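Everything on this sheet refers to the single structure shown next.
No lab work stands behind these numbers, since they all come straight from the coordinates. Computed from a predicted structure; not experimentally measured. Cβ: placed from backbone, ideal geometry, glycine included. Neighbour counts: every protein chain shown.
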Amino acid sequence: MSPVINHMKFTDLEKSALKLNALYEQLEIKMYGRVWTTGELALGFVGDVGDLAKLIQANAGVRKIDDCKAKLGHELSDCLWSIMVLANKCGIDLEAEYSKNTRELIEHVSQELDT
């Protein structure tokens, strides 16, 4: 029997990211008396990116981190969560921007390859 794979659509990922953010905001109010600003969220993201870089090194075999593959998946997920939440808080339609940007880059790189 093959395992069931749950593929979420972008909007489902975004909804779950925002649901988690709402819970974090409740916890932030409880712990700090206020929610994190977008600047503080961005700083948290920068910290996650630093952790991600170390895990990428470990995955490539140039840094020793136990259970790096599982930790790498976790950190990539953390970074995606941060990007989705920051986009929402800044009023960016991330799905539309991603589609537009990749379409334009595919066209640009394809043209460069043809010249």
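Summing +1 for each Lys or Arg and -1 for each Asp or Glu, what net charge is found among the other residues whose Cβ lies under 14 Å from the Cβ of PHE45?
Summing Lys/Arg as +1 and Asp/Glu as -1 gives -4.
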* In a shell of Cβ-Cβ distance under 15 Å around GLY91, excluding GLY91 itself, what net charge do Lys and Arg (+1) and Asp and Glu (-1) give? -> -3
* Under 15 Å between alpha carbons - lysine pairs in the chain that sit 8 or more apart or on different chains -> 5
* Asked: Considering only DSSP states other than H, G, I, E and B, which trypsin sites (Lys or Arg not before Pro) in the stretch 56-115 qualify as loop sites with at most 13 other Cβ atoms within 10 Å?
  -> ARG63, LYS64
* Asked: Once Rg/Rh (Cα atoms, Kirkwood Rh) is worked out from the coordinates, which option in [x] 1.03; [y] 0.98; [z] 1.06 does it equal?
  -> [z]
* To do: Please give the length that would be gained between ILE65 and ARG34 if that part of the chain were fully extended, namely 0.36 nm times their separation in residues minus their C-alpha to C-alpha distance (nm, one decimal).
  => 7.7 nm
* Asked: Using the Kyte-Doolittle scale, which helices in the chain average at least 0.0 and also have C-alpha atoms spread 15 Å or more along the helix axis, with helices defined as whole DSSP H runs?
  -> 38-60, 68-89
* Asked: Local charge sum around LYS64 (other residues, Cβ-Cβ under 14 Å, Lys/Arg +1, Asp/Glu -1)?
  -> +2
